[in-house]
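Data block below; observations after.
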Amino acid sequence: MPRSGARSPRPSRRAGPRRPGETTHLGGHRFSGTVLALPSGHTPGRLSTDNAVDACAQVEAGGVPVDLSRGRAGRSGVEQVLELHVPAGGSPDVEVVEVPGPERRQSCGDLKLKRTTRFEIRPTIGP
């Protein structure tokens, strides 16, 4: 049994035909529900009993639950920002620039400060 007291990963009997599995931790806050959708790599987070089924259905239909997205595995930060920017109402004519962010603790249990990265969205200057 894992340290958290949760059972080992196993299929869920409550879900639809794809029967999602369970795991003890994907990252982020331990009380914030998170899904890692495979094979797409979408990671909706801040899930609750009110929004989890709809978020999973949106991902399964090929969409992105923009308000709940915690990113997409296998994509760079710039690609993830661009993927969320337009569905959230932004213009497609932009450039995403990676810039150094402030130093922060990366988790509750890690007291070391680590450099972060921010992404700025800048309009593309056309001809």
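The values are calculated or read from the model by the stated rules, or taken from the named source; none is laboratory data. Values in this document were obtained by computation on a predicted structure and should not be read as measured data. Neighbour counts run over all protein chains shown; Cβ positions are idealised from the backbone, glycine included.
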(Q) I'm trying to understand the selection: among the residues of region 44-62, which are under 20 Å from VAL81 (Cβ atoms) and modelled with pLDDT of 90 or more? (A) PRO44, ALA55, GLN58, VAL59, GLY62
Q.
For the list (1) at negative phi; (2) modelled with pLDDT of 90 or more; (3) not basic (Lys, Arg), I need the number of the one condition that ILE125 fails.
A. (2)
